[in-house]
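Note sheet for the following structure.
Computed from the coordinates by the stated procedures, all read-outs in this text should not be read as laboratory data. This one's a predicted model, so the numbers in the text were calculated from it and none came from an experiment. Cβ coordinates were reconstructed from backbone atoms using ideal geometry, including for glycine residues, and neighbour counts include every protein chain displayed.
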Amino acid sequence: MAEVSSDVLWGLLKNNNSFLIRKNGNDFSTDPYNLLNAHKQKFAGIASNSGVGVSSRKKSDPVVLRLKKLRKNQPKKNHHEDTVVIKRGGFAGPARNALKAIVESRNTTLAKVALERMKKLHSTEVPKKVISRKH
Amino acid sequence: MAARPVITVFDAKTKGEVKETVPLPAVLTAPIRLDIVRFVHDNLAKNKRQPYAVSEWTGHQHSAESWGTGRAVARIPRISGSGTGRAAQGAFGNMCRSGRMFAPTKIWRRWHRKVNLKQKRHAVAAAVAASAVPALVMARGHQIDSVPEIPLVLDGIEKVERTKDLLKVLASYGAGDDLARAAKSVTLRAGRGKSRNRRFTVRRGPLLVYDDDKASVLKAFRNIPGVDAVSVHKLSILKLAPGGTLGRFIVWSAAAFKALDHIFGTYTQTGTEKGGYQLLRPVMAHADVTAIVKSEAVQNVLRPIKETPEAHDRKANPYKNKKAMDRLNPFHKLKKRIEMIKAKRSV
C-alpha cells in the first residue's frame with residue numbers, strides 16, 4: 001500500500017497492461033478511469049493517484065454514468081459513484097454538480113474532457129430502451 | 001517513511017468484520033523492479049521444461065556410402081544394395097528424403113537456468129510489493145472492484161475446510177468477480193497441447209498465501225479454477241507474477257502476512273528466514289517527479305520564467321507581396337505604374 005508515484009506506475013504499465021489495445025498503430029485503453037480511452041500518461045487514470053472515470057460498469061447495465069475517483073489501496077471505496085441514469089433531454093442535475101466538484105478540486109482540462117465524454121454517452125442513449133454498452 | 005501505514009486484517013468467517021490492524025510489512029514497500037522480475041521469471045520459467053530430442057540414430061540406420069566421382073551422380077551417400085527402389089537413393093543428408101535432420105536436437109541442450117539467489121529474492125520482494133498496489137493488480141486484469149482493501153488479509157482462512165465454504169469467504173471479500181473471470185475463461189487450448197495433457201487453459205485468479213503447511217484450506221482450494229496456493233515461506237515468482245506480469249491478486253492469511261517481516265526483514269534489519277537478505281532500497285525516496293518539481297524547495301531555487309521572445313512575422317517575399325516590396329523599395333510602385341502607362345499608350 002505504499003503510495004507508488006504515478007510516474008512509476010506509468011513506467012510499469014505503458015508497455016503492457018490488460019486495458020491496452022493496439023490497433024493499426026494506435027494505442028487505446030479500456031481503463032475505466034480513462035476519459036479518452038487513449039493510452040497516454042495524461043489520460044491514464046489507472047496510473048494516477050487521483051483519477052476520474054465516466055463509464056458504465058457492466059455491459060448489461062443500462063447506460064449509466066458513474067464518476068470514479070481513485071483512492072489509494074481501497075478499491076471498494078474508490079468509487080465516489082454518482083449513478084446517473086441518462087434521461088431524455090439533458091443532463092440530470094447530480095451529474096452536472098458532480099462534475100463541478102471535479103473542476104474545483106483538480107485539473108480543469110480533465111473536467112472538460114469528462115464533460116465531453118458524458119455528453120457523447122448521453123447522446124447515444126435511445127429513450128425508453130435499455131441498451132447495453134457496446135464499447 | 002515516518003509512521004508505517006496499517007493494513008486491516010479481516011475475519012474470514014464473518015463478512016467485513018475487522019479482526020485487527022497490522023503495520024505494513026517492509027517488503028510491500030520494496031522497489032517494484034520489473035526488469036529484475038522479468039529476468040528472473042524468464043529464466044526460472046525454463047526450469048520446468050522436459051527435454052525433447054530426435055532419436056540418436058534417426059536417418060543413419062543405413063549402410064549407405066557415397067559412390068564418389070566419375071559416375072555422373074551427385075556425391076551424396078547412397079543406399080547400398082539392389083533389387084528395390086530404395087537402392088541407390090540418397091541417404092544421410094538433411095536434404096535427402098528419409099535422411100537425418102540438420103543439427104539433430106540433443107537432450108543435452110541447456111534446458112534449465114540458474115539464477116542468483118539474491119536476484120530471485122529481489123524479484124519475489126518486488127512482486128509482493130506490486131501485489132499491494134491496486135492499480136497494478138487491476139491492470140494485470142484481476143477484477144478487484146469489490147475488494148475492501150488491498151492487500152487483502154483474512155484471519156481464519158487457513159482453517160476453511162470445504163471448497164464451498166472457501167468460495168463463500170472469497171465472495172464475501174470481493175474476490176468473487178475474479179473467481180468468475182477465471183471460471184469463465186476455461187477454454188480448450190489452441191494447438192497440439194490439447195492432446196498432450198494440456199487440454200484446457202484458464203486465467204489466473206487469486207493466489208492464496210498461507211503459513212501453515214497442514215492448513216485445511218490446502219484441500220479446499222484445489223477444485224476452484226484459477227486459484228493457486230503458495231506457502232509464504234516458499235513464495236515463487238512464477239506464481240506471484242505469472243507470465244512475468246506484476247500484480248497478481250493475493251489473498252493473505254493473517255499468519256502469512258505477519259510472517260513477512262520475519263522472512264524478508266526490514267530496512268533496519270536483514271531477513272531472518274532469508275538469512276541476511278537486505279531489501280533493495282529505492283533509487284528515489286520520493287518518485288513523484290511532479291510533486292518534486294512543484295515543491296517549495298525546488299521552486300525557490302528556480303530562475304524566473306523567461307519571457308518568450310516576440311515572435312516575428314514570417315518573411316514576406318517582396319516579389320510576390322506588394323506591401324513588402326513597398327516597404328523596401330518605395331520607387332518600385334511608381335516604376336511599375338510608369339511601365340503600365342507606357343504599355344497602354346503604345347497599344
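In Å, what Rg and Dmax follow from the Cα atoms of the protein assembly as shown?
33.8, 117
Tell me, what ³J(HN,Hα) does each residue in region B:314-327 have, in order and in whole Hz, if you take phi through Karplus 6.51 cos²θ - 1.76 cosθ + 1.60 with θ = phi - 60° and put x for Gly and Pro?
Working through the residues one at a time gives 4, 5, 9, 7, x, 6, 10, 9, 4, 4, 5, 5, 4, 4 Hz.
Could you list B:His60, B:His112, B:His312 in order of exposure, starting from the residue whose Cβ has the fewest other Cβ atoms within 10 Å?
Ordered by Cβ neighbours within 10 Å, fewest first: B:His312, B:His112, B:His60.
With a point put 7 Å past each Cα toward its Cβ, work out how far B:Lys214 is from B:Ala87 in nm, to one decimal.
Spacing of the two 7 Å Cα→Cβ label points: 7.6 nm.
Using bins 10 angstrom wide from zero, how does P(r) for region B:143-208 break down, in % of all Cα pairs?
19, 41, 24, 15, 1
Based on other C-beta atoms within 10 Å, arrange B:Val347, B:Val283, B:Val73 from fewest to most.
Fewest-to-most Cβ neighbours within 10 Å comes out as B:Val347, B:Val283, B:Val73.
Whole number please: convex hull volume per residue, Cα atoms of chain B, in Å³.
Enclosed volume per residue, from the Cα hull, is 445 Å³.
Take peptide B:123-133, look around each residue's Cβ out to 10 angstrom, count Cβ atoms belonging to other protein chains, and average those counts.
2
Excluding B:Pro25 itself, what net charge comes from residues whose Cβ is under 11 Å from its Cβ, given Lys and Arg +1 and Asp and Glu -1?
+1
Under a point-charge model restricted to the Cβ atoms of Lys and Arg (+1) and Asp and Glu (-1), what is the dipole moment magnitude of the protein assembly as shown relative to its Cα centre, in debye to the nearest 20?
3140 debye
Grab the DSSP H runs of chain B that are 4 residues or longer, score each as -39,500 (n - 2.57), total them, divide by all residues and round the 222 nm result to the nearest 500 deg cm²/dmol.
Computed ellipticity for chain B at 222 nm equals -8500 deg cm²/dmol.
Compute the Cα gyration tensor for region B:112-247, then decide on rounded, prolate or oblate, letting a ≥ b ≥ c be the square roots of its eigenvalues: rounded whenever a/c is under 1.5, prolate when a/b is larger than b/c in the other cases, and oblate in all that remain.
Rounded.
Please report, in debye to the nearest 20, how large the charge dipole of chain B is about its Cα centre when each Lys and Arg carries +1 at its beta carbon and each Asp and Glu carries -1 there.
3000 debye
Write out the chymotrypsin sites (Phe, Trp or Tyr not before Pro) in region B:245-347 meeting two conditions: DSSP loop, and at most 16 other Cβ atoms within 10 Å of their Cβ.
When the chymotrypsin sites (Phe, Trp or Tyr not before Pro) of region B:245-347 are filtered for loop state and at most 16 Cβ neighbours within 10 Å, B:Tyr267, B:Tyr319 remain.
Among B:Lys46/B:Lys239; B:Lys114/B:Lys234; B:Lys15/B:Lys258; A:Lys42/B:Lys294; A:Lys14/B:Lys114; B:Lys46/B:Lys159, which pairs are too far apart, with a Cα-Cα distance over 23 Å?
A:Lys14/B:Lys114; B:Lys46/B:Lys159
Taking other Cβ within 10 Å of each residue's Cβ, how do A:Trp10, B:Trp108 sort, fewest first?
Taking fewest neighbouring Cβ atoms as first place, the list is B:Trp108, A:Trp10.
Provide the net charge surrounding B:Ala316, with neighbours chosen by a C-beta distance below 14 Å and charges set as Lys +1, Arg +1, Asp -1, Glu -1.
+4
Quick check: net charge around A:Asp7, other residues with Cβ under 14 Å of its Cβ, Lys/Arg +1 and Asp/Glu -1?
+2
List the extent of the Cα atoms of region B:224-340 along each of their three principal axes, largest first, rounded to whole Å.
Here the spans come out as 102, 45, 22 Å, largest first.
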